[in-house]
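The values are calculated or read from the model by the stated rules, or taken from the named source; none is laboratory data. Since the structure is predicted, the reported quantities are computational estimates derived from the model, not experimental observations. In this analysis, Cβ positions are derived from the backbone assuming ideal geometry, glycine residues included, and neighbour counts consider all displayed protein chains. Surface accessibility is based on the protein's heavy atoms, side chains included, excluding ligands, DNA and RNA. Shrake-Rupley method; radii C 1.70, N 1.55, O 1.52, S 1.80 Å.
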Amino acid sequence: MKLLYFAHLRAKIGIAEEQLDPPPGVGDVSALIEWLKRRNTRFAEALREPRALRVAVNQTYVGWHHPLKPGDEVAIFPPVTGG
Amino acid sequence: MIRVQREDFDIGIELSALTRGKTGIGGVASFVGLMRDVADGTPIHAMTLEHYPGMTERELQRIELEAQQRWPLLASLIVHRYGRLEPGDRIVLVATASAHRAAAFESCEFLMDYLKTKAPFWKQEETPDGPRWVAAAATDDLAASRWRKD
């Protein structure tokens, strides 16, 4: 699974992207976020407020209970501010 | 058509190219977003726009397609820049063309409202106190919500 982080999430976490294979129990977006938060304090801090997170799987916005599969590209980022 | 690019764009050239040969067009509405030199009372020296290559283009295409389905458009264009910009620089161009003005005006506003809340771009401003990330504005969500059909 490829994970991408953008904007101030990337700055807080300290990396822009990584290849990861979460354990078998991590089956959806919500479980992935919870698992990431347990990795270290930087993730815990960056992902602390779920309402301030947006998630895209394979470059499409998804909800909290979207299922995940190996090979997915998962992007986590703050609310967008373009225009 | 949509484009995401680092380079500046020329509004005259873009609008001419958009309508060339399409003589059924009766009007073009356009919006150009510029970088301001102040935000919430703080002077801004420059701004860096980050995006998500791939998804940003897909979202802009999706938003443009939705506008084309909702209004009788004969042409449309979104050009959005990324990278470092300075006050006065152009950020975004949205243009819509139709036989009559109402569809052009409305869809142009729709595209801007949706783009601001959906397209993956993030702004980091350079202020006298150092860099700061721009927070999403609740007023942008409100502006986008009025186009919901449900």
Check: What number of residues within segment B:93-107 are open to solvent by 10 Å² or more (accessible area, probe 1.4 Å) and either touching a strand residue (DSSP E or B) at 6+ places or on another chain (Cβ under 6 Å) or small (Gly, Ala, Ser) (or both)?
Finding: 5
Next item on the list: Kindly establish whether B:Asp40 is open to solvent by 60 Å² or more (accessible area, probe 1.4 Å) and either among the basic types (Lys, Arg) or under 29 Å from B:Arg148 (Cβ atoms) (or both).
Entry: yes
Item checked: Failed item, numbered, when B:Glu126 is tested on (1) more than 12 Å from chain A (Cβ to nearest Cβ); (2) crowded, with 19+ Cβ neighbours inside 10 Å; (3) assigned to a strand (DSSP E or B) -> (2)
Note to self: Condition (residue is modelled with pLDDT of 95 or more and either open to solvent by 50 Å² or more (accessible area, probe 1.4 Å) or touching a Lys or Arg at 6+ places or on another chain (Cβ under 6 Å) (or both)) applied to segment A:28-36: is it met by at least one residue?
What the structure shows: yes
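Tell me which residues, restricted to segment B:129-150, are open to solvent by less than 70 Å² (accessible area, probe 1.4 Å) and more than 9 Å from chain A (Cβ to nearest Cβ).
Listed by number, the residues that qualify are B:Gly130, B:Ala143, B:Ala144, B:Ser145, B:Trp147.
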Notebook entry, point to check: Among the residues of segment B:52-92 satisfying the criterion of being out of contact with any Ser or Thr (no Cβ under 6 Å at 6 or more places or on another chain) and aromatic (Phe, Trp, Tyr), which is most open to solvent (accessible area, probe 1.4 Å)?
Noted result: B:Tyr82
Notebook entry, point to check: How about segment B:36-66: which of its residues are aliphatic (A, V, I, L, M) and in a loop (DSSP other than H, G, I, E, B)?
Noted result: B:Ile44
Notebook entry, point to check: If you go through segment B:9-30 one residue at a time, do you hit one that is part of a strand (DSSP E or B) and without any contact (Cβ under 8 Å) to a residue 12 or more places away in the chain?
Noted result: no
Check: How about segment A:2-78: which helices (runs of 4 or more DSSP H) wholly inside it have at least 3 residues that are without any contact (Cβ under 8 Å) to a residue 60 or more places away in the chain, among the aliphatic types (A, V, I, L, M) and over 21 Å from B:Ala135 (Cβ atoms)?
Finding: A:29-37
Next item on the list: Run down B:Val94, B:Val28, B:Val38 and say which single residue is within 14 Å of chain A (Cβ to nearest Cβ) and of a type in the set (A, V, I, L, M).
Entry: B:Val94
